[in-house]
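J.: Have a look at this one.
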């Protein structure tokens with residue numbers, strides 16, 4: 001899934017299973033310029049990010065690029081693969097907010113986040 005710009009709005013991706021994706025940047029989702037997105041109750045499974053050129057690739061499930069803000073809640077990342085960030089790769093001043101579970105029985109599970117040294121940041125919200 002390629003997402004490029006929400007302008008002043010926000011995109012909400014909810015209750016989706018993104019499985020077996022395969023591409024150079026973000027095996028399941030590549031989020032580029034000027035985007036605000038909430039990912040809620042989603043499963044990212046068996047996604048792969050690769051590069052045949054050796055460039056700045058990564059994010060087995062998600063690649064978050066250039067000043068985007070992404071909030072993830074009640075979601076599961078499992079068996080994703082990439083040389084840089086099996087689950088999530090943050091690049092070029094991207095912001096990632098990981099929200100604590102909102103309801104009993106919900107969870108947030110991930111294995112690896114790669115943060116490029118360029119002003120990208122993440123935080124866990126309670």
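J.: Compute log10 of I(q)/I(0) for the chain with the Debye formula, placing one identical point scatterer on every Cα and leaving out solvent, at q = 0.11, 0.13 Å⁻¹, to two decimals.
T.: So the normalised log intensities work out to -0.31, -0.44.
J.: Hey, another quick one. 7 Å from Cα along Cα→Cβ at both residue 33 and residue 76: what's the point-to-point distance in nm?
T.: Output for this residue pair reads 3.7 nm.
J.: Please order 125, 42 by the number of other Cβ within 10 Å, starting at the fewest.
T.: Least to most surrounded, the residues fall as 125, 42.
J.: Fewest Cβ neighbours within 10 Å first, please rank 62, 98, 90 accordingly.
T.: By the 10 Å Cβ count, ascending: 98, 90, 62.
J.: For region 2-113, what proportion of DSSP beta bridges, expressed in % and rounded to the nearest 5, is antiparallel?
T.: Antiparallel bridges make up about 0 percent of those DSSP assigns within region 2-113.
J.: Between residue 22 and residue 93, what is the spin-label point distance in nm, taking each point 7 Å from the Cα along the Cα→C-beta axis?
T.: A separation of 3.6 nm, rounded to one decimal place.
J.: Mind sorting 111, 45 by how few other Cβ atoms lie within 10 Å of their own Cβ, fewest first?
T.: 111, 45
J.: OK, next. Can you give me the distance in nm between label points at residue 8 and residue 121, each placed 7 Å from the Cα along the Cα-to-Cβ direction?
T.: So the two model labels end up 2.6 nm from each other.
J.: Among 99, 28, 61, determine the one that fluctuates most according to a GNM of the chain built with springs between C-alpha atoms less than 10 Å apart.
T.: 99
J.: Let me ask something else. Considering Cα pairs under 8 angstrom that are at least six residues apart, work out the relative contact order of region 2-113 and quote it in whole percent.
T.: 24 percent
Throughout, read-outs are computed from the coordinates displayed, never taken from laboratory work. The model shown is predicted, which means the values in this text are computed figures rather than measured ones. Every residue, glycine as well, gets a Cβ built from its backbone with ideal geometry; the counts of neighbours run over all protein chains shown.
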